[in-house]
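Data first, discussion second: the structure below is written as structure tokens.
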Amino acid sequence: MELTGRCYSGWNIPGDHAISLLMPAKKPIEIPPRGTRGTNIPFQRGLMRLAQPLLDMQVSRYRRTAGPTQPRAMGFPIVLLTTVGARTGKERTHVLGGFPDGDDAWLVVASKGGASTHPAWFINLAKNPDKIWIEVGNRKLLADVESLQGSEREAALARVAAIAPRYGEYQKKTDGEIPVLRLTPAANQPNR
């Protein structure tokens, strides 16, 4: 059976693309301008390539040992965030600080340690906001993302810094705006 769908411009689209057209696209997340100063990590690309096996081990360990409660590392709660690469289209999973913000909501800070640029996972999230998964303990959820602005962003960053003070220091290192995101479970949870 071949599925077909009609996109907004009226063209018929065969196959799997028809399924993605049945659900409205989520509003893209605005990417704030980069800063002009911030933490500089020399040889960052090379170091990340060397560290990738260790990062992959962290993700595997999280999934292997996750129970019903949210794990902690370095004194604060952590989550796994899976995004789809803006250029590659490949799924990428990251271990991040995920701070509870009410029932079924978590705050994630795109700080990159106070760098003048944004982390790659944030760019991927902003470009593909309908392809975001969060893992909290042993729950894996399709997520809706809201980028907090103004006083709401400031208050959320203060709540995060109260739990993990290093996050409060990052904004002092850069003149760029560090995005603070609220992740909540999407209304329609597909089987994955």
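Miscellaneous remarks
- Among (1) in contact with a Lys or Arg (Cβ under 7 Å, 6 or more places away or on another chain); (2) in contact (Cβ under 8 Å) with a residue 40 or more places away in the chain; (3) over 12 Å from Thr82 (Cα atoms), the one test that Glu146 misses: (2)
- Hey, Val95 farther than 18 Å from Ala161 by Cβ, aliphatic (A, V, I, L, M) and modelled with pLDDT of 90 or more or not: yes
- Look at (1) aliphatic (A, V, I, L, M); (2) under 10 Å from the mean Cα position of the chain (by Cα); (3) more than 21 Å from Asp56 (Cβ to Cβ); (4) modelled with pLDDT under 95 and you find that Val145 fails only one, number (4).
- Hits in the stretch 78-108 (condition: part of a strand (DSSP E or B), touching a helix residue (DSSP H, G or I) at 6+ places or on another chain (Cβ under 8 Å) and of a type outside the set (Gly, Ala, Ser)): Ile78, Leu80, Leu81, Thr83, Val84, Arg92, Thr93, His94, Val95, Leu96, Phe99, Leu107
- Residue check, Val136 modelled with pLDDT of 95 or more, more than 10 Å from the chain's Cα centre (by Cα) and crowded, with 20+ Cβ neighbours inside 10 Å: yes
- Residue selected from the stretch 79-107 under the condition within 21 Å of Leu157 (Cβ to Cβ) and either acidic (Asp, Glu) or more than 12 Å from the chain's Cα centre (by Cα) (or both), by the criterion surrounded by the fewest Cβ atoms within 10 Å (Cβ to Cβ): Asp103
- Taken over the stretch 139-192, the residue count meeting the criterion of being of a type in the set (A, V, I, L, M, F, W, C) and outside any strand (DSSP E or B) is 13.
- Counted residues, the stretch 110-138 - those being part of a strand (DSSP E or B), within 18 Å of Val59 (Cα to Cα) and in contact (Cβ under 8 Å) with a residue 60 or more places away in the chain: 2
- Hey, Ala110 crowded, with 16+ Cβ neighbours inside 10 Å and either closer than 21 Å to Ile123 by Cβ or at pLDDT below 80 (or both) or not: yes
- The residues of the stretch 147-192 that are polar (S, T, N, Q) and surrounded by fewer than 17 Cβ atoms within 10 Å (Cβ to Cβ), listed by number, are Gln149, Ser151, Asn188, Gln189, Asn191.
The values are calculated or read from the model by the stated rules, or taken from the named source; none is laboratory data. No experiment lies behind these values; they were computed from the predicted model shown. Virtual Cβ from ideal backbone geometry, glycine too; neighbours counted across all protein chains shown.
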